[in-house]
Amino acid sequence: QVQLVESGGGLVPAGGSLRLSCAASGRTFRNYVMGWFRQAPGKEREFVAAIKWSSGSIHYADSVRGRFTISRDNAKSTVYLQMNSLKPEDTAAYYCAADRKGVLQVYADSYDYWGQGTQVTVSS
C-alpha cells in the first residue's frame, strides 16, 4: 500500500523559507512522477511542482518558478519542496501526490496517491 507522509509545514514571515518533505513508502517509485499541490481555503487544489523520479525532469507552476525547488532523494524515497521568498499568497495546505503513469502532469485528477497534507502559513 502506497503511503505518502508530508512534513515541514509551519508559520513563517513573508520572505522566509520552509522545506517540505514527502516520505514515500509501499512500493518502488522509480517510474513514478511525484507532485506537490496546494489548496487554500475556498479555492481549488492547484499544481505547484512535479518531478519524474527516474529522470529528474521537473515542471513548475509559473507562480512559484524561481522561488521553489523540487528535488528527490532516491536512497530515502523522499521528495522535497524547498520554498524561498515566501509570500502571504503561498498560504495553503500543501499535498504530496504520486502518479504511477510516469508522465509529468499538472492536473490533480491524474495523480493516484495523496498524502494527508501539511499547512503552510505565511504572515505579512
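The values are calculated or read from the model by the stated rules, or taken from the named source; none is laboratory data. As the structure is a prediction and not an experimental result, all values here were calculated from the model. We place every Cβ from the backbone using ideal geometry, glycine too, and count neighbours over all the protein chains shown. In case anyone asks, the SASA skips ligands and DNA or RNA and just uses the protein heavy atoms, side chains included. Shrake-Rupley method; radii C 1.70, N 1.55, O 1.52, S 1.80 Å.
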Among strands (runs of 3 or more DSSP E) entirely within the stretch 15-124, at least 3 residues that are at negative phi and more than 11 Å from the chain's Cα centre (by Cα) occur in 18-25, 118-123
How many residues does the stretch 43-70 hold that are over 16 Å from ASP99 (Cα atoms), small (Gly, Ala, Ser) and either open to solvent by 20 Å² or more (accessible area, probe 1.4 Å) or modelled with pLDDT under 95 (or both)?
2
Going by the conditions given, is GLU46 within 21 Å of SER124 (Cα to Cα), in contact with a Ser or Thr (Cβ under 9 Å, 6 or more places away or on another chain) and of a type in the set (Asp, Glu)?
no
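What are the residues in the stretch 88-103 that are under 28 Å from GLY42 (Cβ atoms) and either surrounded by 14 or more Cβ atoms within 10 Å (Cβ to Cβ) or modelled with pLDDT under 95 (or both), if any?
The answer is ASP90, THR91, ALA92, ALA93, TYR94, TYR95, CYS96, ALA97, ALA98, ASP99.
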Members of the stretch 1-42 found to be open to solvent by 20 Å² or more (accessible area, probe 1.4 Å), in contact with a strand residue (DSSP E or B) (Cβ under 8 Å, 6 or more places away or on another chain) and farther than 15 Å from ALA98 by Cβ, listed by number:
SER7, GLY8, GLY9, GLY10, LEU11, PRO13, ALA14, SER17, LEU18, ARG19, GLN39, ALA40
